[in-house]
Amino acid sequence: MKTIIFRCETVTPMFLGGAGRQMVDLRVPSFKGLMRFWWRAMNCSLPLHEMKGREAEMFGGGGEKGRRSGVTIRIKTRFTSEDIGRSLWKEIPFREKVSKRGKEYKVPEKYDGVAYLLYSVFMLNERPYLKTGLSFSIDFSSFSDDMLRQSVASFWSLAYLGGIGSRARRGGGNIVVTDVADEGNVLEETDLNFILNGRSNDEIGNWLVENYKKARAVVNEDRKTRFISEYPNLSISRFIISNTSFSTWKEALNEIGEKFMHFRTSNRGDVFGTAAFGLPRNHVSTNKEGVNRRSSPLIFKILKSKNNECYWMALRLAGEFLPKNVVLKDGGRSQRPTYEKVDEFWNELKKHGKEHILSVPDTLDKVKEKIRKELLPKKIILFGSKARGDFHEKSDIDIAVDTDKTIAFLDVNGAIDIVKLGKVNKSFREKIKREGIEL
């Protein structure tokens, strides 16, 4: 059996469950659930039933055909009572107010954006949390080198694209890896780097893209990746990193939190449009019983650079928002889900950060190379649902090209619609610009 040990540090408060309301416990079953999520998100090549079988081999499975996990995970902590925060108000300046009913409550004098993003575990229902700057280790062990590599590739995405615990999609539970012990040299052939060594947003962004490609290659092995719609995934994904660096996690999270708060507030009346940021949402349901929850396609997190500066990051996940025949309902009104507000907010964030393409499917790369070879375009832009991320299984691929050559004789296989950028009208061009990804 070989083991890889990761030394980690908390970057933002980590809100975890425990045996009691005031307990905090970093538990292996919950951690393994996150590993499953990120392994599935990266696995963009296997049919769903095959993927589930492979997942059960690695992380274990229940039911009649239940099996033990092929990878053993141990989390080693030495947290004391001093490491557990009981109230985030001790870190957030506040003033006390009295409601019309005579009830006292607190409002932040600073860091409104942090309070907004962490509202449910902070202002609404205070939860204990692990403080920032705490160290712990995670050991991965397996008799299979392949399973060991795949599990730690999943952990790479958890560490640098996601978070642990409640509010993980809104900046809670972010970590950074500070040391790796791989005595069996299991990771050597992958060249996967777990120590974030970038100092600027450009360096960090390039580091993330470069190492995600390596992690994805481990998970997908030699299989070609494709667009996946059935579950949240990274078959096509992009992220934005803030232009500004911050000395603390609070300052970094507050900036993106304030931008999100102001955007949601100014669009409060658009209940259908803002529903795309996640369900449930007040006053909105669906026309199908049991389909009233959908996690946000956006993840906010804080990255800690090599020189201990903090940057905010926003990540977009792909995958259909709701099944094809499910619509949103508000009283007597109904509407299909739309990502227009997600695109609008995304473009607002781009004014304050730099966008990077994290991943595109191999099948799209093949189309792109054919277009480049035959049309010699100045630009190739993916737009429509495949760019937004809310596509269904049979959605077309929409591409705009800026070229002087004719596109009529371009022969590409599959459900692909190609338009010439110079031939479309103004409103269509604006749509392409709003939701497009330049490949």
Exercise. Distance check, please: which entries in Lys259/Lys329; Lys32/Lys76; Lys131/Lys250 exceed 19 angstrom between their Cα atoms?
Key: Lys259/Lys329
Quiz item: Any idea what the dipole of the stretch 363-438 comes to, in debye rounded to 20, about its Cα centre with Lys/Arg Cβ at +1 and Asp/Glu Cβ at -1?
Solution: 300 debye
Quiz prompt | Nearby lysines by direct alpha-carbon distance to Lys370 (threshold 16 angstrom, same-chain neighbours under 8 apart not counted) | solution = Lys378, Lys379, Lys405, Lys420
Quiz item: Taking R0 as 45 Å, what's the FRET efficiency between Lys373 and Gln335 from their Cβ-Cβ distance, rounded to 0.05?
Solution: 0.60
Practice problem: Can you tell me the FRET efficiency between Ser120 and Arg68 if r is taken as the Cβ-Cβ distance and R0 is 41 Å, rounded to the nearest 0.05? | Solution: 0.70
Quiz item: Mind checking which aspartates and glutamates have their C-alpha under 18 Å from Lys214, skipping anything on the same chain fewer than 8 residues away?
Solution: Asp145, Asp146, Asp182, Glu188, Glu189, Asp191, Glu203, Asp222, Asp362, Asp365
Quiz item: Which of the peptides 28-34, 140-146, 228-234 is most tightly packed, and how do the rest follow, judged by the mean count of other Cβ atoms within 10 Å per residue?
Solution: 228-234, 140-146, 28-34
Quiz prompt | 222 nm mean residue ellipticity, helices alone, for the chain (DSSP H n ≥ 4; -39,500 (n - 2.57); rounded to 500) | solution = -9000 deg cm²/dmol
Quiz item: Can you give me the Cα centroid spacing of the stretch 255-298 and the stretch 154-211 in angstrom?
Solution: 29 Å
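The numbers here are math on the coordinates, done by the rules we state, and not lab data. The model shown is predicted, which means the values in this text are computed figures rather than measured ones. Note that each Cβ is placed from the backbone with ideal geometry, even for glycine, and that neighbours are counted across all protein chains shown.
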